[in-house]
1. Quick check on region A:157-208: what are the equivalent-ellipsoid semi-axes from the Cα gyration tensor, as sqrt(5λ), descending, whole Å?
2. Which lysines have a Cα lying under 16 Å from the Cα of B:Lys274, excluding residues fewer than 8 positions away in the same chain?
3. List the aspartates and glutamates whose alpha-carbon lies under 15 Å from that of B:Lys22, not counting same-chain residues fewer than 8 positions away?
4. Kindly work out what percent of the DSSP beta bridges joining two residues of chain B are antiparallel, to the nearest 5.
5. Mind checking the per residue accessible area of chain B for me, 1.4 Å probe, whole number of Å²?
6. Within region A:230-286, what whole-number % of the accessible surface is contributed by carbon and sulfur, with the 1.4 Å probe and all protein chains included in the calculation?
7. Hey, what's the Kirkwood Rh for region B:135-228 if you take every pair of different alpha carbons, in angstrom?
8. List the distances, in nm and shortest first, from the label point of A:Thr192 to the matching label points in every other copy, placing each point 7 Å from Cα along the Cα-to-Cβ direction.
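The values are calculated or read from the model by the stated rules, or taken from the named source; none is laboratory data. Here the structure is a predicted model, which means the values were calculated and not measured. Please note: Cβ atoms are built from the backbone with ideal geometry, for glycine as well, and neighbour counts cover all protein chains shown. These accessible areas exclude ligands, DNA and RNA; they are computed on the full protein's heavy atoms, side chains included. Shrake-Rupley method; radii C 1.70, N 1.55, O 1.52, S 1.80 Å.
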There are 2 protein chains.
Amino acid sequence: MSIRIGIMGYGNLGRGVECAIKHNPDMELVAVFTRRDPETLKILTETAGVYRAQDAEKMKDKIDVLILCGGSATDLPVQTPKYAQWFNVVDSFDTHARIPEHFDDVDRAAAESGHVGIISVGWDPGMFSLNRMYANAILTNGKDYTFWGKGVSQGHSDAIRRIEGVKDGKQYTIPVEAALEAVRRGEDPELTTRQKHTRECFVVAEEGADLARIEQEIKTMPNYFDEYDTTVHFISEEELKRDYSGIPHGGFVIRTGSTGWNDENRHVIEYSLKLDSNPEFTSSVIVAYARAAWRMSQEGQTGCKTVFDVPPAYLSALDGAELRRHLL
Amino acid sequence: MSIRIGIMGYGNLGRGVECAIKHNPDMELVAVFTRRDPETLKILTETAGVYRAQDAEKMKDKIDVLILCGGSATDLPVQTPKYAQWFNVVDSFDTHARIPEHFDDVDRAAAESGHVGIISVGWDPGMFSLNRMYANAILTNGKDYTFWGKGVSQGHSDAIRRIEGVKDGKQYTIPVEAALEAVRRGEDPELTTRQKHTRECFVVAEEGADLARIEQEIKTMPNYFDEYDTTVHFISEEELKRDYSGIPHGGFVIRTGSTGWNDENRHVIEYSLKLDSNPEFTSSVIVAYARAAWRMSQEGQTGCKTVFDVPPAYLSALDGAELRRHLL
């Protein structure tokens, strides 16, 4: 019998989850819940229904795991604990600083209702976190580096679009190759924000807008751009659509460290991702963890978990013997 | 209270484990067991004792985890099940084809005695296996590649040394850069053995030996060299000592795959290691898994486990809250 999945929220991430379920024959999409009018929502899976978000509770016996595809700012802090009352849940909560608080909220709700909630699943937090953790446990004397990109930052793209005179825009975060190379060579560099990443913006301006002012506003924007070397390109709406419509991303997690009685030997552990579609890759990770949530729940486990708590084998559709035979 | 560790076998790996324990303040080396005369064995840890292998059983209440540092060919198939009678054990059994059988043997012994045995720990099998498994669970439609090197292959170095007229020798396995690049570009190449790795040999010949014959014997040796492009360099004993005394290794695990309703988006997941000392890195992984073995045993778990079964958090000396705060 397949694992029955529900999706809460049908944006890029929700659609990515739908696609990932298609790639996992032991899973089945049962329902998509939306705050929009269900009549107006077209989904890809013919066998799944579209329902109002507020009707989710009624389907609690028809869904094994509910995947929450809302945003971290306002949706997930409310939704994940709320739906953990009725469902095993998985989310991709990615506000690193607020993870401890979110964990506690979900843990309380899931423990009380007897469900499993896995939070902060994706690639960062998620696969990058796992690689940081494994590498730290192995090389206890070492140094961590995370680089992001080349890829589109949604938050920075939104920030550009809020500037007066900007019709549309996209921001690419780019790791500085020389910094990456210094880390790989084991030089343990101390890197400033500016030395690690550059930012490149592609901006469609309104007709007659003051381009110099827009460029200046972007480059000096606190938190988002002022600490970076930023390049601004003004392009046409057609160019933006044609050349920059994807949502690629990726990055690098590197730990360098030493072993030996006198720390005489050096090692470099590197994990990297190069993704054509950030939301589809994130969704693919989430769906594997939905399988794990279901299995842990079947075993009688309850409460909040993160990627650190989940035995790797629980993510795979293969059984233990197959995994040992083919992948160990 | 620290976790009390015993080491069975004091070669490169055993010494590496000793060094790794020094890097983990929650662990303590209690005993080294050897088949040699204990009087002749000098270890680095002043507070640990050296004992005969056959006396290990007597120390079963003084050791929390026994780390087996013998070879996979003849030692571990016997030792790991045997010592699982009395101890929680960790080994680095690396004969991939015989893992299922070894797993069953250890599982039987450990389940019966109520201990935990974690087998095939290191980097391949070990961290490479984990990365293959995670990547397969995420990108269900994709292709796996593993490259080894640049590094010293012990088996191939031994094979060279068995040739008549060879006094000493070392073999380096080198991944073919062009093949790696084709994989990274997502070209999904079908690669022959020859296209993935080359082999480079540094050989010290006996005085007056027939170099042409030695070179020919190496290059045509079945299984070891005949399917590879092999280079043979004859050097002096001094050069071998001076320039090739280390045991570096490393490699790359790459999975490329696609997501999307029609598999329209491509992704590359890459994990790589660059190690100055193969045995010390392997040992560092093993020691982290010894911590996990102890914790799983404390929880009442029994039987044989692999890296696929161990929740990542169990490897770390940090607790769950710290991990979530600092590494998630």
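1. Listed largest to smallest, the semi-axes of region A:157-208 are 34, 9, 7 Å.
2. Partners found: A:Lys143, B:Lys150.
3. Within the straight-line cut-off, B:Lys22 pairs with A:Asp263, A:Glu264, B:Glu46, B:Glu280.
4. Numbers: 30 of 59 bridges.
Taking every DSSP beta bridge with both residues in chain B, the antiparallel ones total about 50 percent.
5. I get 42 Å² per residue for this part.
6. On the way: 1000 of 2150 Å².
Within region A:230-286, the accessible surface is 47 percent carbon and sulfur.
7. About 15.0 Å, per the Kirkwood formula over Cα pairs.
8. Ordered by increasing distance: 5.4 nm.
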